[in-house]
Amino acid sequence: MSGSEASRVGLHDNAGRDGAADNAGRVDIDNNAGRVDIDKDAVRRDLMKLVLTIVELLRQLMERQVLRRVDQGDLDDEQVEDLGTSLMHLEEAMDELTEQFGLTLGDLNLELGPLGPLLPRDRW
């Protein structure tokens, strides 16, 4: 793999070096030894960041759907109470998980270029 190909896929050729990861989440290949060194903690954190981003997106979509249905009068008082409680518990769980993994809700937001951020910034 050429240097430009390695850069394109996020891999870095470290021939002649010890193959250790320089930056969090960075994957280094030592061609002489034929091994790949991965920072397992960074991979775990980045995977959790991706999962929490998806959960937060779904949580916000569900919240908007509930608000729309409440505005339309589709729900009775008990349903509104149950859904509100469920969404509140999910938000608390998200706060706990982001804190546990050293993330903020802002860390979960992906910038989509000209489309703007994935998540609205009204929550953080």
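Any read-out appearing in this document is the output of simple, stated calculations on the displayed coordinates, not a laboratory observation. Please read all numbers here as calculations on a predicted model, not as lab measurements. Don't worry about glycine lacking a Cβ; one is built from the backbone with ideal geometry, like all the others, and counts go over all protein chains shown.
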- Task: Determine which single condition Gln72 fails, assuming it passes every other condition in (1) exposed (fewer than 14 other Cβ atoms within 10 Å of the Cβ); (2) under 21 Å from Asp95 (Cα atoms); (3) of a type in the set (S, T, N, Q).
- Result: (2)
- Long-range neighbours under 9 Å by Cβ, at least six apart or interchain, first residue basic (Lys, Arg) within the stretch 44-58, second outside any helix (DSSP H, G or I): Arg44/Phe101; Arg45/Ala24; Arg45/Gly25; Arg45/Phe101; Arg45/Gly102; Arg45/Leu103; Lys49/Phe101; Lys49/Leu103
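Working only within the stretch 59-106, note down all residues that are more than 30 Å from Val43 (Cβ to Cβ) and aliphatic (A, V, I, L, M).
Val66, Leu67, Val70, Leu75, Val80, Leu83, Leu87, Met88
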